[in-house]
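Remarks on the structure that follows.
The values are calculated or read from the model by the stated rules, or taken from the named source; none is laboratory data. Because the structure is predicted, anything quoted here is derived from the model rather than measured. Here the Cβ is made from the backbone with ideal geometry for all residues, glycine too, and neighbour counts use every protein chain on show.
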Amino acid sequence: MSSIENDPLLRLVNVSKYFGDLKAVDNVSLDIEAGSVTCIVGPSGSGKSTLLRTVNMMETIDEGAVFFRGQMIGHELRKGHRIPVKATVARQKILDFGMVFQHFNLFPHFTALENVAAGPMFARRAGRKKAHAAARRYLEQVGLGDRADHYPSELSGGQQQRVAIARALAMEPQILLFDEPTSALDPELVNEVLAVMRGLASSGSTMLVVTHEMRFAEEVADDIVMMDAGRIIERGSPSQIIHTPSSPRAKTFFASVG
Ligand code: ADP
Ligand code: MG
């Protein structure tokens with residue numbers, strides 16, 4: 001019981017992930033408190049996406065463990081050593097589809113509404129009527145109540161990404177994961193997506209956001225984590241990390257991203 005009170009929502013302990021000889025995530029430990037916004041920054045190839053995917057269990061991990069409210073939801077897979085069924089179920093309940101990708105990944109032959117309703121209907125077996133009613137509310141939340149019947153090809157990139165956010169919300173995930181959600185957008189479409197994310201942050205959603213949008217990170221993040229070569233090299237408040245980084249590597253990086 002006490003562990004539920006004291007443990008952070010999500011805890012990574014010494015997590016490593018290899019691709020062949022490459023250590024894409026190198027001994028990362030990270031606590032994410034409920035209701036907090038953590039931005040992950042760092043150069044291309046530093047392991048940000050891989051780290052996010054290990055949280056979501058889209059990647060297995062080679063060393064370490066991942067805990068949700070003190071319950072192990074993932075750990076290294078040794079020979080003959082499997083993730084317990086209970087952990088697998090818990091993980092699916094908690095984290096499925098809470099992720100927003102750079103390239104939206106909407107179903108092209110589904111309308112906006114059908115995209116948002118698909119997860120609850122097919123992964124959760126929610127009834128069509130209920131799922132569609134909920135989907136309409138989530139589309140309204142992201143400012144797209146009037147685009148419910150449009151197909152992705154009929155929407156701008158910013159609108160498509162907002163549909164993708166509504167789709168993530170529809171699964172009622174405990175943590176929202178964003179992997180460079182505005183990187184594929186034309187500059188004039190970035191703000192409408194960031195505005196939706198700001199709204200989520202201020203309504204208390206727990207968010208883990210990989211981003212290059214430093215102004216957003218500075219304004220919204222409780223914590224900024226900087227990665228380089230698979231490792232966390234800095235972690236702290238935005239003012240600490242962006243304005244007074246301690247490592248030369250971080251100084252160079254923040255100078256380059258402005
Ligand atoms: P970032 O998101 O910070 O740009 P990634 O997590 O995508 O970095 O990648 C970290 C490193 O792992 C990179 O060197 C990348 O080439 C490598 N990598 C990522 N995914 C795979 C994969 N599926 N197979 C092999 N190497 C990969
Ligand atoms: Mg990436």
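Residue-wise test of (1) surrounded by fewer than 20 Cβ atoms within 10 Å (Cβ to Cβ); (2) within 21 Å of residue 245 (Cα to Cα); (3) aromatic (Phe, Trp, Tyr); (4) near ligand 1 (Cβ under 7 Å from one of its atoms).
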position: 17; (1), (2), (3), (4): no, no, no, no
position: 23; (1), (2), (3), (4): yes, no, no, no
position: 30; (1), (2), (3), (4): no, yes, no, no
position: 40; (1), (2), (3), (4): no, yes, no, no
position: 55; (1), (2), (3), (4): no, no, no, no
position: 63; (1), (2), (3), (4): yes, no, no, no
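For segment 42-62, filtered to residues that are of a type in the set (S, T, N, Q) and assigned to a loop (DSSP other than H, G, I, E, B), the residue that is nearest to the chain's Cα centre (by Cα) is 56. Screening residue 126 on (1) in a helix (DSSP H, G or I); (2) farther than 30 Å from residue 214 by Cβ shows it passes everything except condition (1).
The rows are residues; the columns are (1) more than 26 Å from residue 199 (Cα to Cα); (2) among the hydrophobic types (A, V, I, L, M, F, W, C); (3) away from ligand 2 (no atom under 16 Å from the Cβ); (4) at pLDDT 95 or above.
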site: 9; (1), (2), (3), (4): no, yes, yes, no
site: 92; (1), (2), (3), (4): no, no, yes, no
site: 100; (1), (2), (3), (4): no, yes, no, no
site: 109; (1), (2), (3), (4): yes, no, yes, yes
site: 115; (1), (2), (3), (4): no, no, yes, yes
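For (1) more than 16 Å from residue 142 (Cβ to Cβ); (2) surrounded by 21 or more Cβ atoms within 10 Å (Cβ to Cβ); (3) under 19 Å from the mean Cα position of the chain (by Cα), each residue gets a yes or a no:
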{"site": "195", "(1), (2), (3)": "no, no, yes"}
{"site": "199", "(1), (2), (3)": "no, no, yes"}
{"site": "225", "(1), (2), (3)": "yes, yes, yes"}
{"site": "238", "(1), (2), (3)": "yes, no, yes"}
{"site": "245", "(1), (2), (3)": "yes, no, no"}
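Of all residues in segment 138-192, exactly one satisfies the criterion of being hydroxyl-bearing (Ser, Thr, Tyr), buried (at least 21 other Cβ atoms within 10 Å of the Cβ) and within 16 Å of ligand 1 (Cβ to nearest atom), namely 182. Of the residues contained in segment 192-203, one or more are found to be in contact with a Pro (Cβ under 8 Å, 6 or more places away or on another chain), in a helix (DSSP H, G or I) and not aromatic (Phe, Trp, Tyr).
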